[in-house]
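We did not get these values from a lab; they are worked out from the coordinates using the rules stated. Source: prediction; values computed, not measured.
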Amino acid sequence: AQTVTQSQPEMSVQEAETVTLSCTYDTSENNYYLFWYKQPPSRQMILVIRQEAYKQQNATENRFSVNFQKAAKSFSLKISDSQLGDTAMYFCASDLMEYGNKLVFGAGTILRVKS
Amino acid sequence: DTGVSQDPRHKITKRGQNVTFRCDPISEHNRLYWYRQTLGQGPEFLTYFQNEAQLEKSRLLSDRFSAERPKGSFSTLEIQRTEQGDSAMYLCASGATYNEQFFGPGTRLTVL
């Protein structure tokens, strides 16, 4: 079974600083996608960034970037220049391409950005 | 607003009652997913539609749960004889391709 583990239940960061959220996963698939989703207190899930497993280059979206280590099955999210609006629950997820790409989520990390 | 919409946003019901939730995906998205999220946890997959065909159901989806997507447009999720353990946020997501899922705001169900 595919599993996703987020070992940091809560993280805090000062505004304008950088923070890294950790995620590890386990899969026997060779081709898959990895995602980071953000869920602000309003609870609408928003896609932050995605990574294709067969691409070695780490994905980047503005202040958000990932460190994808396929052999180690690690997929961390780095947020640069943290902003108050980044305060949210962050979920790491992987998909099962064989099964309609349903997502398997980790338990989440609460990130609090402090002014 | 062209995002995924869900109705109602909140539902309070008594144990044993039936409830039905609706999801309207982004127009022309042929993939539609239902997830359940309990407090402090990540969403868990319930079921998946491609167009009108329900292609997969999780073991979490007991016989009391049923989902439909007539004509491949909106979808409904019905829970019969609700139990307190059904209290959760029910999330719908849609996508046009295999590498994207856009989530709706969810329906929060409270079973008293």
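Summary of values
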| read-out | value |
| --- | --- |
| Contact order relative to length of chain B, as percent, for alpha carbon pairs under 8 angstrom and 6 or more apart | 37 |
| Relative intensity, log₁₀ I(q)/I(0), of the protein assembly as shown from a Debye sum that treats every alpha carbon as a point, q = 0.17 Å⁻¹ | -1.23 |
| At 0.890 mPa s and 25 °C, Stokes D of chain B from Kirkwood alpha-carbon radius, µm² per second | 177 |
| Centre separation in Å (Cα based) which lies between the range B:25-95 and the range A:34-54 | 19 |
| Stokes-Einstein D in µm²/s, Kirkwood radius over Cα pairs - the range A:50-115 at 10 °C with 1.306 mPa s viscosity | 118 |
| Per-selection Rg to Rh, chain A - Cα, Kirkwood hydrodynamic radius | 0.96 |
| Entries in A:Lys38/B:Lys57; A:Lys38/B:Lys11; A:Lys78/B:Lys71; A:Lys55/A:Lys102; A:Lys114/B:Lys11 that, when Cα-Cα distance is taken, lie over 30 Å | A:Lys78/B:Lys71; A:Lys114/B:Lys11 |
| In Hz, Karplus ³J(HN,Hα) per residue of the range B:92-103 (6.51, -1.76, 1.60; θ = phi - 60°; x = Gly, Pro) | 10, 9, 9, x, 9, 10, 6, 10, 8, 9, 9, 9 |
